[in-house]
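Taking it in order: structure first as C-alpha coordinates, then the write-up.
The values are calculated or read from the model by the stated rules, or taken from the named source; none is laboratory data. In this text the structure is predicted, and so the values were computed from the model without any measurement. We place every Cβ from the backbone using ideal geometry, glycine too, and count neighbours over all the protein chains shown. Note: areas computed on protein heavy atoms with side chains; ligands, DNA, RNA excluded. Shrake-Rupley method; radii C 1.70, N 1.55, O 1.52, S 1.80 Å.
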Amino acid sequence: IMFSTPFAIISYFLIWFVPDISTGQVMWYLVFYCAFQTLVTCFHVPYSALTMFISREQSERDSATAYRMTVEVLGTVLGTAIQGQIVGKVDTPCVGSPFFFGLTNSSVAMEELNMTHDTGGLTDTRNAYMIAAGVIGGLYVLCALILVLGVRERREACELQSDEPVSFFQGLKLVMNHGPYIKLIAGFLFTSLAFMLLEGNFALFCTYTLGFRNEFQNILLAIMGALGQALGIPTCSLSPLQSAIPFLILVVLLDSNLFVTYLVAVAAGISVAAAFLLPWSMLPDVIDDFKLQHPSSRGHEAIFFSFYVFFTKFTAGVSLGISTLSLDFAGYQTRGCSQPDQVHLTLKMLVSAVPVGLILLSLLLFKLYPIDEEKRSKNKKALQDLRRAPGS
(Lines give C-alpha, C1' and ligand atoms only; values in the text may rest on other atoms or scores of the structure.)
Protein backbone atom coordinates (compact mmCIF):
# COMPACT_ATOMS: atom_id res chain seq x y z
CA ILE A 1 0.00 0.00 0.00
CA MET A 2 2.74 2.43 1.00
CA PHE A 3 4.94 1.98 -2.08
CA SER A 4 2.12 1.81 -4.64
CA THR A 5 0.39 5.02 -3.54
CA PRO A 6 2.72 7.67 -5.05
CA PHE A 7 2.86 5.87 -8.40
CA ALA A 8 -0.92 5.47 -8.37
CA ILE A 9 -1.32 9.22 -7.85
CA ILE A 10 1.00 10.00 -10.75
CA SER A 11 -0.82 7.55 -13.02
CA TYR A 12 -4.23 8.94 -12.06
CA PHE A 13 -3.09 12.50 -12.75
CA LEU A 14 -1.73 11.54 -16.17
CA ILE A 15 -5.04 9.88 -17.11
CA TRP A 16 -6.64 13.35 -17.08
CA PHE A 17 -3.70 15.08 -18.77
CA VAL A 18 -4.08 15.76 -22.51
CA PRO A 19 -0.66 15.25 -24.16
CA ASP A 20 0.36 17.61 -26.94
CA ILE A 21 1.04 14.86 -29.45
CA SER A 22 -0.54 14.22 -32.82
CA THR A 23 -0.44 10.42 -32.65
CA GLY A 24 -0.31 7.89 -29.85
CA GLN A 25 -2.94 9.40 -27.53
CA VAL A 26 -4.83 6.11 -27.38
CA MET A 27 -1.67 4.31 -26.25
CA TRP A 28 -0.99 7.08 -23.71
CA TYR A 29 -4.36 6.63 -22.01
CA LEU A 30 -4.25 2.84 -22.29
CA VAL A 31 -0.86 2.64 -20.59
CA PHE A 32 -1.66 5.00 -17.73
CA TYR A 33 -5.16 3.64 -17.17
CA CYS A 34 -3.83 0.07 -16.92
CA ALA A 35 -1.00 1.28 -14.68
CA PHE A 36 -3.44 3.06 -12.39
CA GLN A 37 -5.75 0.04 -12.14
CA THR A 38 -2.78 -2.22 -11.34
CA LEU A 39 -1.50 0.12 -8.64
CA VAL A 40 -4.96 0.54 -7.12
CA THR A 41 -5.16 -3.25 -6.93
CA CYS A 42 -1.95 -3.18 -4.87
CA PHE A 43 -3.91 -1.00 -2.44
CA HIS A 44 -7.30 -2.66 -2.62
CA VAL A 45 -6.38 -6.34 -2.10
CA PRO A 46 -4.48 -5.96 1.20
CA TYR A 47 -6.92 -3.28 2.33
CA SER A 48 -9.88 -5.62 1.80
CA ALA A 49 -8.11 -8.67 3.25
CA LEU A 50 -7.44 -6.78 6.50
CA THR A 51 -11.01 -7.63 7.52
CA MET A 52 -9.90 -11.20 8.25
CA PHE A 53 -6.90 -10.05 10.28
CA ILE A 54 -8.51 -7.76 12.82
CA SER A 55 -10.83 -10.18 14.65
CA ARG A 56 -12.02 -13.78 14.90
CA GLU A 57 -15.59 -12.77 15.73
CA GLN A 58 -18.00 -12.73 12.81
CA SER A 59 -20.04 -9.90 14.32
CA GLU A 60 -16.93 -7.74 14.56
CA ARG A 61 -15.97 -8.59 10.98
CA ASP A 62 -19.47 -7.67 9.80
CA SER A 63 -19.23 -4.40 11.69
CA ALA A 64 -15.81 -3.67 10.21
CA THR A 65 -17.13 -4.46 6.72
CA ALA A 66 -20.11 -2.15 7.21
CA TYR A 67 -17.87 0.68 8.44
CA ARG A 68 -15.39 0.06 5.61
CA MET A 69 -18.06 0.14 2.92
CA THR A 70 -19.72 3.18 4.49
CA VAL A 71 -16.47 5.14 4.49
CA GLU A 72 -15.69 3.96 0.95
CA VAL A 73 -19.04 5.29 -0.22
CA LEU A 74 -18.61 8.55 1.70
CA GLY A 75 -15.27 8.93 -0.04
CA THR A 76 -16.94 8.27 -3.38
CA VAL A 77 -19.61 10.86 -2.56
CA LEU A 78 -16.89 13.35 -1.65
CA GLY A 79 -14.98 12.62 -4.85
CA THR A 80 -18.17 12.90 -6.89
CA ALA A 81 -19.01 16.22 -5.27
CA ILE A 82 -15.50 17.60 -5.76
CA GLN A 83 -15.12 16.59 -9.40
CA GLY A 84 -18.76 17.35 -10.22
CA GLN A 85 -18.65 20.85 -8.77
CA ILE A 86 -15.24 21.75 -10.23
CA VAL A 87 -15.98 20.41 -13.70
CA GLY A 88 -19.66 21.33 -13.63
CA LYS A 89 -18.87 25.04 -13.34
CA VAL A 90 -17.26 24.93 -16.77
CA ASP A 91 -19.81 25.25 -19.55
CA THR A 92 -18.64 23.06 -22.42
CA PRO A 93 -20.79 23.81 -25.46
CA CYS A 94 -22.26 20.93 -27.38
CA VAL A 95 -21.84 20.47 -31.11
CA GLY A 96 -24.84 20.33 -33.40
CA SER A 97 -25.51 17.08 -35.23
CA PRO A 98 -23.75 16.89 -38.61
CA PHE A 99 -26.93 15.43 -40.10
CA PHE A 100 -28.49 18.86 -39.78
CA PHE A 101 -25.97 20.11 -42.30
CA GLY A 102 -26.84 17.48 -44.90
CA LEU A 103 -23.41 15.85 -44.75
CA THR A 104 -23.13 12.15 -45.42
CA ASN A 105 -19.73 11.62 -43.81
CA SER A 106 -20.28 12.19 -40.10
CA SER A 107 -16.58 11.94 -39.17
CA VAL A 108 -15.65 14.65 -41.69
CA ALA A 109 -18.54 16.76 -40.49
CA MET A 110 -17.45 16.48 -36.86
CA GLU A 111 -13.87 17.37 -37.82
CA GLU A 112 -14.99 20.47 -39.67
CA LEU A 113 -17.25 21.49 -36.83
CA ASN A 114 -14.54 21.02 -34.23
CA MET A 115 -12.05 23.05 -36.30
CA THR A 116 -14.42 26.01 -36.48
CA HIS A 117 -15.80 25.63 -32.96
CA ASP A 118 -14.52 27.79 -30.12
CA THR A 119 -11.91 25.75 -28.22
CA GLY A 120 -11.93 27.96 -25.14
CA GLY A 121 -14.58 25.85 -23.45
CA LEU A 122 -12.53 22.69 -23.99
CA THR A 123 -9.40 24.30 -22.56
CA ASP A 124 -11.29 25.34 -19.43
CA THR A 125 -12.71 21.83 -19.14
CA ARG A 126 -9.22 20.29 -19.38
CA ASN A 127 -7.95 22.60 -16.65
CA ALA A 128 -10.95 21.81 -14.45
CA TYR A 129 -10.34 18.06 -14.76
CA MET A 130 -6.67 18.55 -13.87
CA ILE A 131 -7.57 20.56 -10.76
CA ALA A 132 -10.09 17.91 -9.71
CA ALA A 133 -7.50 15.16 -10.28
CA GLY A 134 -5.03 17.01 -8.05
CA VAL A 135 -7.56 17.38 -5.22
CA ILE A 136 -8.65 13.72 -5.43
CA GLY A 137 -5.00 12.63 -5.56
CA GLY A 138 -4.40 14.53 -2.33
CA LEU A 139 -7.31 12.71 -0.69
CA TYR A 140 -5.84 9.38 -1.89
CA VAL A 141 -2.53 10.17 -0.16
CA LEU A 142 -4.28 11.25 3.05
CA CYS A 143 -6.36 8.06 3.23
CA ALA A 144 -3.32 5.87 2.50
CA LEU A 145 -1.38 7.54 5.33
CA ILE A 146 -4.26 6.99 7.76
CA LEU A 147 -4.43 3.32 6.80
CA VAL A 148 -0.69 2.66 6.95
CA LEU A 149 -0.11 4.53 10.21
CA GLY A 150 -3.41 3.82 11.97
CA VAL A 151 -4.29 0.16 11.27
CA ARG A 152 -2.40 -2.81 12.66
CA GLU A 153 -3.43 -6.34 11.82
CA ARG A 154 -3.76 -8.79 14.69
CA ARG A 155 -1.79 -11.74 13.45
CA GLU A 156 -3.14 -13.92 16.20
CA ALA A 157 -6.65 -13.37 14.81
CA CYS A 158 -6.05 -15.93 12.08
CA GLU A 159 -3.91 -19.02 11.91
CA LEU A 160 -1.37 -17.72 9.43
CA GLN A 161 1.29 -20.35 9.94
CA SER A 162 1.06 -23.97 8.85
CA ASP A 163 3.34 -26.92 9.44
CA GLU A 164 2.95 -27.83 5.77
CA PRO A 165 2.71 -24.66 3.68
CA VAL A 166 0.54 -24.93 0.57
CA SER A 167 1.77 -23.28 -2.62
CA PHE A 168 -0.17 -20.44 -4.20
CA PHE A 169 -1.41 -22.53 -7.13
CA GLN A 170 -2.49 -25.36 -4.83
CA GLY A 171 -4.30 -22.85 -2.66
CA LEU A 172 -5.89 -21.27 -5.74
CA LYS A 173 -7.15 -24.67 -6.87
CA LEU A 174 -8.64 -25.35 -3.44
CA VAL A 175 -10.31 -21.94 -3.31
CA MET A 176 -11.82 -22.18 -6.80
CA ASN A 177 -13.19 -25.66 -6.03
CA HIS A 178 -15.05 -24.38 -2.97
CA GLY A 179 -18.74 -24.46 -3.95
CA PRO A 180 -20.10 -21.66 -1.72
CA TYR A 181 -17.37 -19.31 -2.94
CA ILE A 182 -18.15 -20.00 -6.61
CA LYS A 183 -21.86 -19.30 -6.10
CA LEU A 184 -21.13 -16.16 -4.10
CA ILE A 185 -18.61 -14.75 -6.54
CA ALA A 186 -20.86 -15.51 -9.52
CA GLY A 187 -23.72 -13.59 -7.90
CA PHE A 188 -21.33 -10.78 -7.06
CA LEU A 189 -20.10 -10.73 -10.68
CA PHE A 190 -23.55 -10.28 -12.24
CA THR A 191 -24.67 -7.80 -9.59
CA SER A 192 -21.56 -5.68 -10.10
CA LEU A 193 -21.96 -5.77 -13.87
CA ALA A 194 -25.60 -4.66 -13.59
CA PHE A 195 -24.78 -1.62 -11.50
CA MET A 196 -21.62 -0.80 -13.46
CA LEU A 197 -23.77 -0.56 -16.62
CA LEU A 198 -26.33 1.56 -14.79
CA GLU A 199 -23.68 3.81 -13.26
CA GLY A 200 -21.70 4.20 -16.49
CA ASN A 201 -24.66 5.19 -18.66
CA PHE A 202 -27.00 7.00 -16.28
CA ALA A 203 -25.42 10.41 -16.92
CA LEU A 204 -25.87 10.03 -20.70
CA PHE A 205 -29.40 8.73 -20.15
CA CYS A 206 -30.28 11.76 -18.03
CA THR A 207 -28.60 14.17 -20.44
CA TYR A 208 -29.99 12.97 -23.77
CA THR A 209 -32.96 10.64 -23.25
CA LEU A 210 -34.55 12.44 -20.29
CA GLY A 211 -33.28 15.90 -21.23
CA PHE A 212 -31.84 16.77 -17.79
CA ARG A 213 -28.48 18.07 -19.03
CA ASN A 214 -28.02 20.39 -16.04
CA GLU A 215 -29.37 18.01 -13.39
CA PHE A 216 -27.41 14.76 -13.76
CA GLN A 217 -24.67 15.82 -11.29
CA ASN A 218 -27.29 16.43 -8.61
CA ILE A 219 -28.99 13.14 -9.51
CA LEU A 220 -25.65 11.36 -9.12
CA LEU A 221 -25.21 12.93 -5.69
CA ALA A 222 -28.70 11.69 -4.76
CA ILE A 223 -27.65 8.16 -5.74
CA MET A 224 -24.46 8.32 -3.70
CA GLY A 225 -26.22 9.96 -0.74
CA ALA A 226 -28.83 7.20 -0.62
CA LEU A 227 -26.05 4.65 -0.93
CA GLY A 228 -24.21 6.10 2.05
CA GLN A 229 -27.37 6.22 4.17
CA ALA A 230 -28.28 2.63 3.29
CA LEU A 231 -24.82 1.33 4.14
CA GLY A 232 -25.21 2.71 7.63
CA ILE A 233 -28.13 0.35 8.23
CA PRO A 234 -27.31 -3.35 8.74
CA THR A 235 -29.03 -5.52 6.15
CA CYS A 236 -29.17 -9.26 5.72
CA SER A 237 -31.76 -9.70 2.97
CA LEU A 238 -31.92 -9.38 -0.79
CA SER A 239 -34.98 -7.11 -0.74
CA PRO A 240 -33.01 -3.92 -1.62
CA LEU A 241 -31.78 -5.62 -4.78
CA GLN A 242 -35.31 -6.70 -5.65
CA SER A 243 -36.70 -3.22 -5.01
CA ALA A 244 -34.49 -1.73 -7.72
CA ILE A 245 -36.20 -3.67 -10.50
CA PRO A 246 -39.57 -1.81 -10.63
CA PHE A 247 -37.84 1.57 -10.43
CA LEU A 248 -35.45 0.73 -13.26
CA ILE A 249 -38.42 -0.30 -15.40
CA LEU A 250 -40.44 2.76 -14.38
CA VAL A 251 -37.79 5.30 -15.39
CA VAL A 252 -37.82 4.20 -19.04
CA LEU A 253 -41.58 3.65 -19.38
CA LEU A 254 -42.73 7.02 -18.08
CA ASP A 255 -42.26 10.29 -19.87
CA SER A 256 -39.38 12.53 -18.81
CA ASN A 257 -40.11 13.38 -15.18
CA LEU A 258 -37.55 14.91 -12.81
CA PHE A 259 -39.32 13.71 -9.64
CA VAL A 260 -39.44 10.11 -10.86
CA THR A 261 -35.79 10.34 -11.88
CA TYR A 262 -34.75 11.42 -8.38
CA LEU A 263 -36.93 8.65 -6.94
CA VAL A 264 -35.15 6.11 -9.14
CA ALA A 265 -31.80 7.61 -8.13
CA VAL A 266 -32.54 7.08 -4.42
CA ALA A 267 -33.81 3.52 -5.04
CA ALA A 268 -30.72 2.76 -7.11
CA GLY A 269 -28.48 4.05 -4.32
CA ILE A 270 -30.14 1.76 -1.77
CA SER A 271 -29.84 -1.19 -4.14
CA VAL A 272 -26.17 -0.49 -4.83
CA ALA A 273 -25.63 -0.51 -1.06
CA ALA A 274 -27.03 -4.03 -0.92
CA ALA A 275 -24.93 -5.01 -3.93
CA PHE A 276 -21.80 -3.74 -2.20
CA LEU A 277 -22.40 -4.69 1.43
CA LEU A 278 -24.06 -8.11 1.19
CA PRO A 279 -21.40 -9.97 -0.84
CA TRP A 280 -18.56 -8.46 1.20
CA SER A 281 -20.32 -9.40 4.45
CA MET A 282 -20.91 -12.94 3.19
CA LEU A 283 -17.28 -13.49 2.16
CA PRO A 284 -15.91 -14.07 5.73
CA ASP A 285 -18.57 -16.78 6.16
CA VAL A 286 -17.23 -18.53 3.07
CA ILE A 287 -13.66 -18.31 4.38
CA ASP A 288 -14.70 -19.80 7.74
CA ASP A 289 -16.51 -22.61 5.92
CA PHE A 290 -13.37 -23.22 3.83
CA LYS A 291 -11.24 -23.43 6.98
CA LEU A 292 -13.47 -26.12 8.42
CA GLN A 293 -13.27 -28.19 5.25
CA HIS A 294 -9.50 -27.65 4.87
CA PRO A 295 -8.14 -27.23 8.42
CA SER A 296 -4.55 -27.92 7.34
CA SER A 297 -4.61 -25.31 4.55
CA ARG A 298 -4.07 -21.86 5.97
CA GLY A 299 -3.28 -18.32 4.91
CA HIS A 300 -5.43 -18.13 1.76
CA GLU A 301 -7.51 -15.13 2.76
CA ALA A 302 -5.82 -12.88 0.21
CA ILE A 303 -6.83 -15.25 -2.61
CA PHE A 304 -10.49 -15.01 -1.62
CA PHE A 305 -10.39 -11.23 -1.44
CA SER A 306 -8.21 -10.71 -4.52
CA PHE A 307 -10.75 -12.41 -6.78
CA TYR A 308 -13.43 -10.10 -5.42
CA VAL A 309 -11.25 -7.14 -6.35
CA PHE A 310 -10.45 -8.71 -9.73
CA PHE A 311 -14.12 -9.20 -10.61
CA THR A 312 -14.89 -5.63 -9.58
CA LYS A 313 -12.35 -4.40 -12.11
CA PHE A 314 -13.36 -7.04 -14.64
CA THR A 315 -17.01 -5.94 -14.57
CA ALA A 316 -15.92 -2.30 -14.90
CA GLY A 317 -13.96 -3.15 -18.03
CA VAL A 318 -16.74 -5.31 -19.49
CA SER A 319 -19.38 -2.63 -18.83
CA LEU A 320 -17.20 0.00 -20.51
CA GLY A 321 -16.70 -2.25 -23.52
CA ILE A 322 -20.40 -3.10 -23.83
CA SER A 323 -21.45 0.54 -23.44
CA THR A 324 -18.89 1.95 -25.85
CA LEU A 325 -19.53 -0.60 -28.59
CA SER A 326 -23.32 -0.42 -28.23
CA LEU A 327 -23.41 3.37 -28.39
CA ASP A 328 -20.97 3.43 -31.30
CA PHE A 329 -23.11 1.00 -33.31
CA ALA A 330 -26.17 3.11 -32.48
CA GLY A 331 -24.52 6.23 -33.93
CA TYR A 332 -23.61 8.15 -30.77
CA GLN A 333 -22.16 11.60 -31.55
CA THR A 334 -19.50 12.86 -29.12
CA ARG A 335 -20.44 16.24 -27.61
CA GLY A 336 -23.63 16.23 -29.65
CA CYS A 337 -26.47 18.49 -28.57
CA SER A 338 -28.86 15.67 -29.47
CA GLN A 339 -28.61 12.01 -30.41
CA PRO A 340 -30.36 9.71 -32.91
CA ASP A 341 -33.35 7.64 -31.80
CA GLN A 342 -31.20 4.49 -31.87
CA VAL A 343 -28.99 5.99 -29.16
CA HIS A 344 -32.01 6.69 -26.94
CA LEU A 345 -33.15 3.09 -27.33
CA THR A 346 -29.65 1.80 -26.58
CA LEU A 347 -29.40 3.92 -23.43
CA LYS A 348 -32.76 2.60 -22.23
CA MET A 349 -31.49 -0.94 -22.70
CA LEU A 350 -28.22 -0.19 -20.87
CA VAL A 351 -29.83 1.43 -17.81
CA SER A 352 -32.95 -0.74 -17.55
CA ALA A 353 -33.39 -3.98 -19.49
CA VAL A 354 -29.85 -5.35 -19.21
CA PRO A 355 -29.34 -4.44 -15.50
CA VAL A 356 -32.75 -5.92 -14.61
CA GLY A 357 -31.85 -9.20 -16.33
CA LEU A 358 -28.47 -9.33 -14.57
CA ILE A 359 -30.04 -8.57 -11.17
CA LEU A 360 -32.57 -11.38 -11.64
CA LEU A 361 -29.73 -13.77 -12.51
CA SER A 362 -27.73 -12.70 -9.46
CA LEU A 363 -30.77 -13.14 -7.21
CA LEU A 364 -31.11 -16.72 -8.44
CA LEU A 365 -27.45 -17.38 -7.64
CA PHE A 366 -27.77 -15.84 -4.18
CA LYS A 367 -30.79 -18.07 -3.52
CA LEU A 368 -28.55 -21.08 -4.25
CA TYR A 369 -25.94 -19.83 -1.76
CA PRO A 370 -25.72 -22.65 0.82
CA ILE A 371 -24.57 -20.80 3.96
CA ASP A 372 -27.67 -19.61 5.79
CA GLU A 373 -27.90 -18.34 9.38
CA GLU A 374 -28.14 -21.86 10.80
CA LYS A 375 -25.09 -23.03 8.86
CA ARG A 376 -23.24 -19.90 9.88
CA SER A 377 -23.89 -20.54 13.60
CA LYS A 378 -22.73 -24.15 13.28
CA ASN A 379 -19.54 -23.06 11.54
CA LYS A 380 -18.85 -20.50 14.24
CA LYS A 381 -19.19 -23.11 16.99
CA ALA A 382 -17.08 -25.63 15.06
CA LEU A 383 -14.30 -23.09 14.58
CA GLN A 384 -14.32 -22.24 18.28
CA ASP A 385 -14.04 -25.93 19.14
CA LEU A 386 -11.24 -26.33 16.59
CA ARG A 387 -9.25 -23.47 18.10
CA ARG A 388 -9.69 -24.88 21.61
CA ALA A 389 -8.55 -28.35 20.54
CA PRO A 390 -5.05 -29.36 21.75
CA GLY A 391 -2.33 -28.66 19.21
CA SER A 392 -4.44 -26.25 17.14
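Miscellaneous remarks
- A simple count of charges around A66, restricted to other residues whose Cβ falls under 13 Å of its Cβ and scoring Lys, Arg +1 and Asp, Glu -1, yields -1.
- Cα-Cα P(r), region 1-40, percent of pairs per 5 Å interval: 6, 28, 29, 18, 11, 6, 2, 0
- Ordered by 1.4 Å accessible area with all protein chains kept, D341, D385 run largest first as D341, D385.
- Surface composition of region 9-66: carbon and sulfur atoms hold 73% of the protein heavy-atom accessible area at a 1.4 Å probe.
- Rolled with a 1.4 Å probe across the full set of protein chains, the surface gives K378 an accessible area near 120 Å².
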